[in-house]
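Okay, structure first, notes after.
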Amino acid sequence: EMVIRDWSSDVCSSDLSTFSSNAQGFKVKAKGEKSFTFEDKGGRNQATFFSRTILEDITGISNDIKGSVSFDVENVAKTLKGKISVSVKSIKTGISMRDEHLAGTDWLNSEKYPDITFEIKKVNKVVESKDNKLTLNLTADFTLKGVTKSITTDFTLVYLDENEQTKMRAPGDLLNVRGKFSIKLSDFNIKSKVIPSKVSDDIDIEVNVVGNSN
């Protein structure tokens, strides 16, 4: 069973009973169902993969992120759904030969499994609630190299009403989605003689994306 590390130590947890009736959603100008798309042609959205070993630390970064989320603005916790995908070939580690190996058949096999996906399945609870910011503990399906595992972790959503400053990024209201979690490569049938000496079996993943409303 995959072990998910506790990344919530920097999040202020509160008893849900202390929240107001609007604690499940945002207090913003928008009403009803909203959908946000994460394709940013400027490459500012980012997914980062960290491998840390005694011999070598590796950081992989991708700016090729696609997907969308939707929810009822006033009841995000019960209506949130969405999926984000990262292109395997887009992951860059700073060494081109290593990038080729990463995408090859011995590792992530991008030809057969071109995308890594994260699909929200349910929200378990509200960890923190502010007018335009929600931190949610959620369960999602994470798929890598054709294998899907269920993970539970915290993600923070910040809602920005459209204004002159947000228009410089993209038209419409904006939504920032940020989260951290970890996986084990062995859970996804990824094995190599360099694990765990040069590549860690434990991979930490960070996602920081901004989407705009349709």
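The values are calculated or read from the model by the stated rules, or taken from the named source; none is laboratory data. Please read these numbers as outputs of a predicted model, since none were measured by experiment. In this analysis, Cβ positions are derived from the backbone assuming ideal geometry, glycine residues included, and neighbour counts consider all displayed protein chains. Calculation scope for accessible area: heavy atoms of the full protein, side chains included, ligands and nucleic acids excluded. Shrake-Rupley method; radii C 1.70, N 1.55, O 1.52, S 1.80 Å.
Would the range 199-212 turn up any residue that is part of a loop (DSSP other than H, G, I, E, B), in contact (Cβ under 8 Å) with a residue 24 or more places away in the chain and out of contact with any Ser or Thr (no Cβ under 9 Å at 6 or more places or on another chain)?
No, the range 199-212 has no match at all.
I need every pair where a residue in the range 86-99 that is within 17 Å of Asp57 (Cβ to Cβ) has its Cβ under 6 Å from the Cβ of a residue that is among the hydroxyl-bearing types (Ser, Thr, Tyr) and surrounded by fewer than 17 Cβ atoms within 10 Å (Cβ to Cβ), sequence separation at least 6 or different chains.
Asp99/Thr93
Mind listing just one residue for me: the one in the range 155-173 that is under 21 Å from Lys130 (Cα atoms) and touching a residue at least 60 places away in the same chain (Cβ under 8 Å) and, of those, surrounded by the most Cβ atoms within 10 Å (Cβ to Cβ)?
Tyr159
Can you give me the number of residues within the range 117-128 that are touching a residue at least 60 places away in the same chain (Cβ under 8 Å) and either in contact with a helix residue (DSSP H, G or I) (Cβ under 7 Å, 6 or more places away or on another chain) or among the small types (Gly, Ala, Ser) (or both)? Outline the logic, then answer.
Narrowing the range 117-128 to residues touching a residue at least 60 places away in the same chain (Cβ under 8 Å): 118, 125-128.
Within this subset, residues satisfying the condition of being either in contact with a helix residue (DSSP H, G or I) (Cβ under 7 Å, 6 or more places away or on another chain) or among the small types (Gly, Ala, Ser) (or both) are 125-127.
Of the residues in the range 117-128, 3 are touching a residue at least 60 places away in the same chain (Cβ under 8 Å) and either in contact with a helix residue (DSSP H, G or I) (Cβ under 7 Å, 6 or more places away or on another chain) or among the small types (Gly, Ala, Ser) (or both).
Please enumerate the residues belonging to the range 140-162 that are under 15 Å from the mean Cα position of the chain (by Cα) and closer than 28 Å to Lys29 by Cα.
Scanning the range 140-162 gives Asp154, Phe155, Thr156, Leu157, Val158.
Would you say Thr152 is surrounded by fewer than 16 Cβ atoms within 10 Å (Cβ to Cβ) and either assigned to a strand (DSSP E or B) or among the polar types (S, T, N, Q) (or both)? Even if it seems obvious, please write down each step before you answer.
On the way: surrounded by fewer than 16 Cβ atoms within 10 Å (Cβ to Cβ): yes; either assigned to a strand (DSSP E or B) or among the polar types (S, T, N, Q) (or both): yes.
Yes; evaluated as a whole, the condition is true for this residue.
Please work out if Asp131 is touching a residue at least 60 places away in the same chain (Cβ under 8 Å) and surrounded by fewer than 20 Cβ atoms within 10 Å (Cβ to Cβ). Spell out how you get there, then give the answer.
Numbers: touching a residue at least 60 places away in the same chain (Cβ under 8 Å): yes; surrounded by fewer than 20 Cβ atoms within 10 Å (Cβ to Cβ): yes.
Yes, satisfied.
Please give the number of the condition Gln24 fails out of (1) of a type in the set (S, T, N, Q); (2) at pLDDT below 95; (3) open to solvent by less than 30 Å² (accessible area, probe 1.4 Å).
Against the list (1) of a type in the set (S, T, N, Q); (2) at pLDDT below 95; (3) open to solvent by less than 30 Å² (accessible area, probe 1.4 Å), Gln24 comes up short only on (3).
Tell me yes or no: at least one residue of the range 40-51 is aliphatic (A, V, I, L, M), open to solvent by less than 60 Å² (accessible area, probe 1.4 Å) and at pLDDT 95 or above. Steps first, answer last, please.
Residues of the range 40-51 that are aliphatic (A, V, I, L, M), as a first pass: 47.
Retained after the next criterion (residues that are open to solvent by less than 60 Å² (accessible area, probe 1.4 Å)): 47.
Pick out the ones that are also at pLDDT 95 or above and you get 47.
Yes: the range 40-51 contains one or more residues that are aliphatic (A, V, I, L, M), open to solvent by less than 60 Å² (accessible area, probe 1.4 Å) and at pLDDT 95 or above.
Could you check how many residues of the range 62-83 are open to solvent by less than 10 Å² (accessible area, probe 1.4 Å) and over 13 Å from the mean Cα position of the chain (by Cα)?
3
Can you confirm whether the range 184-203 contains a residue that is crowded, with 20+ Cβ neighbours inside 10 Å and farther than 24 Å from His101 by Cα? Please lay out each step first, then the result.
Our first condition is that a residue be crowded, with 20+ Cβ neighbours inside 10 Å; within the range 184-203, this holds for 185, 188, 190, 199-200, 203.
Then drop every residue that is not farther than 24 Å from His101 by Cα, which leaves none.
Looking through the range 184-203, none of the residues is crowded, with 20+ Cβ neighbours inside 10 Å and farther than 24 Å from His101 by Cα.
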